[in-house]
1. Give 332, 362, 346 a once-over and let me know the one that is out of contact with any strand residue (DSSP E or B) (no Cβ under 6 Å at 6 or more places or on another chain) and without any contact (Cβ under 8 Å) to a residue 24 or more places away in the chain.
2. Being under 21 Å from residue 58 (Cα atoms), at pLDDT 90 or above and not assigned by TED's automatic domain parsing to the domain that holds residue 53 is the requirement here; does residue 332 meet it?
3. Against the condition buried (at least 21 other Cβ atoms within 10 Å of the Cβ), closer than 25 Å to residue 167 by Cβ, modelled with pLDDT of 85 or more and touching a strand residue (DSSP E or B) at 6+ places or on another chain (Cβ under 7 Å), how does residue 77 come out, does it pass?
């Protein structure tokens, strides 16, 4: 099932993204179809924290979430992590006793509150101002005098004045000169949609198995138990190992026998391949070939770039690097489930590390970007004479591995 949310960045005075406002979207294409406020809030929370993942949407920054009166009074905001969200009180929410009590309760629990679409002097939100951490002043509906007066009367240490609905560079520069610290509006960026799909349970179980395979020491009994719980995977593993390509002296009769016969390194490789193939069963086969090519290339590259002790991590980084495309959802929503080392996770999410440069090198080969290949070999200390051969061998291996039962190639 397709799920959507909208998001609009919130910037500081240096035009760096500090947070995102997460917005309700619906329908097959993420439309702004109007529904009740309570439903909009509830669906946005579910899509943000369960279906897509907060990290996917905000990249670790805070999420501003709009709360209707009923959702606020009903205590739903307190289900969310206080250090990851800002509770945004909608402009027409009346400040009655129940709303004031709910906001006070949130403040005592460590939540940050923002007042949405504030217009100074209109009476809206005034009773909630003392509790507000962020005042979002509506530049579309406010006069210049009202904007200035809001800063003069409301700005204080610990409270951020946010200019919203900023639609020109002139408005941005004026707001920055006159005491506003954060900014939001069409001048910077229109809301964009974030789209994803819920991962079917069967595929989620293979993702969990991939995380187990990454562990430095495999518990064969635990692993055998996991595999035996999946009849399809057990059958595929035994059928593969008893094919002509492996030519064992005697037939492999059990899952544990298979794991012992293979050994840890081959177990990681073959089970990773089987998991990846199962996850990508409804996607183009080339995605599996490309993932396995990356994995074998990065593993072979490791000794030449001083990362021989990280071969297992490099291999798994290659295996999972295309899971976003395979599952048709952002990779940032999948990576946290894999239990990867911090530098591997950073590399997959595009942050610069040696691991990241190695992955970039694999991508450069895929794209035929020889200038980047040369540059990355230099930064990694890799031999430009030997690295192309490693990639060719990895690609050949991936092609053979995916046809092992028919081709009779052997690897134990």
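1. Only one candidate qualifies: 346.
2. It is false that residue 332 is under 21 Å from residue 58 (Cα atoms), at pLDDT 90 or above and not assigned by TED's automatic domain parsing to the domain that holds residue 53.
3. no
The values are calculated or read from the model by the stated rules, or taken from the named source; none is laboratory data. What you see is a predicted model; the values in this text were computed from it and never measured. Heads up, the Cβs are rebuilt from the backbone with ideal geometry, glycines too, and the neighbour counts pull from every protein chain shown.
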